[in-house]
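The values are calculated or read from the model by the stated rules, or taken from the named source; none is laboratory data. Everything quoted here is computed from the prediction, not taken from an experiment. No Cβ is skipped: glycine too gets one built from the backbone with ideal geometry, and neighbour counts run over all protein chains shown. Surface areas here come from the heavy atoms of the whole protein model, side chains and all, with no ligands, DNA or RNA. Shrake-Rupley method; radii C 1.70, N 1.55, O 1.52, S 1.80 Å.
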Amino acid sequence: MATQRARRDPDQHDRSLPGRWGTRALEIGENVVYAGIALFLVLSALVLLFIAGRTTWGMVGDPSQAPVLELLDVLLLVFIVVELLFAVRITVERRELVAEPFLLVGIIASIKEIVVLSVEAAGVLGKGAEFDDRITEIAVLGVLVVLLGATAWLLRLKEREPDEGDAPAPG
């Protein structure tokens, strides 16, 4: 009997009542924090959409590229916020941290900066060091996008593989 108890899975042993209450309290606290994060992300997305609408309205009287760049910047921020909201939702659903949404946020944020820096680089064309700095930043961000994309791709490949415990025993 004692050997059977020793062999049992440690996760299956009887927990004390205070331990279960503490675990449940922490789980509730975690859910409240995630709900707060989700609420702020939703509010941020709505505010950003309002700003995008106001910027679009402002484009009627200003045909320059500045409001278009501002609109693109705001809309890419909306994408980032929505991807973060998705990451929070998946984390709550699965009860584990999933890396892919955060990688997508990194890719979107890098692309957003590339767009902004490209417009700035066009504005300082022929100004030597300023132009070179913008181009260097664009190159570094481009490499970052490729690395984050490769990481996301490798993660997807890894998720398709069977778990180590699911593999058949060698013949």
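State, as an integer percentage, the relative contact order of segment 49-171 based on alpha-carbon contacts under 8 Å between residues 6 or more apart. Don't skip to the end; give the middle numbers.
Working: 84 pairs, mean separation 25.0, N = 123.
Relative contact order of segment 49-171: 20 percent.
For segment 136-142, take each phi angle, set θ = phi - 60°, evaluate the Karplus expression 6.51 cos²θ - 1.76 cosθ + 1.60, and give the result in whole Hz per residue in order, putting x for glycine and proline.
Values per residue, Gly and Pro as x: 5, 4, 4, 5, 5, 5, x Hz.
Rolling a 1.4 angstrom probe over the protein heavy atoms, how many square angstrom per residue are accessible across segment 56-126? Walk me through the numbers before you get to the answer.
On the way: 4060 Å² over 71 residues.
Result: 57 Å² of accessible area for each residue.
In nanometres, what is the gap between the two model label sites at residue 66 and residue 159, each 7 Å from Cα along Cα-to-Cβ?
Label-label distance for residue 66 and residue 159, simple model: 4.3 nm.
Extending each Cα 7 Å along its Cβ direction at residue 122 and residue 39, get the distance between those two points in nm, one decimal.
My value for the distance between the label points is 4.3 nm.
Is the shape of segment 59-171 best called rounded, prolate or oblate, per the rule: a/c under 1.5 gives rounded, else a/b larger than b/c gives prolate, else oblate, with a ≥ b ≥ c the square roots of the Cα gyration tensor eigenvalues? Write down the numbers at each step before the final one.
Numbers: a/c = 4.58, a/b = 1.99, b/c = 2.31.
Verdict is oblate for segment 59-171.
Could you tell me which of rounded, prolate or oblate describes segment 58-125, using a ≥ b ≥ c as the square roots of the eigenvalues of the alpha-carbon gyration tensor, with rounded for a/c under 1.5 and, failing that, prolate when a/b is larger than b/c and oblate otherwise?
On the way: a/c = 7.73, a/b = 2.20, b/c = 3.51.
Because a/c hits 1.5 or more and a/b fails to exceed b/c, segment 58-125 counts as oblate.
Within segment 52-171, what whole-number % of the accessible surface is contributed by carbon and sulfur, with the 1.4 Å probe and all protein chains included in the calculation? Walk me through the intermediate numbers first.
Values: 5290 of 8010 Å².
That fraction is 66 percent.
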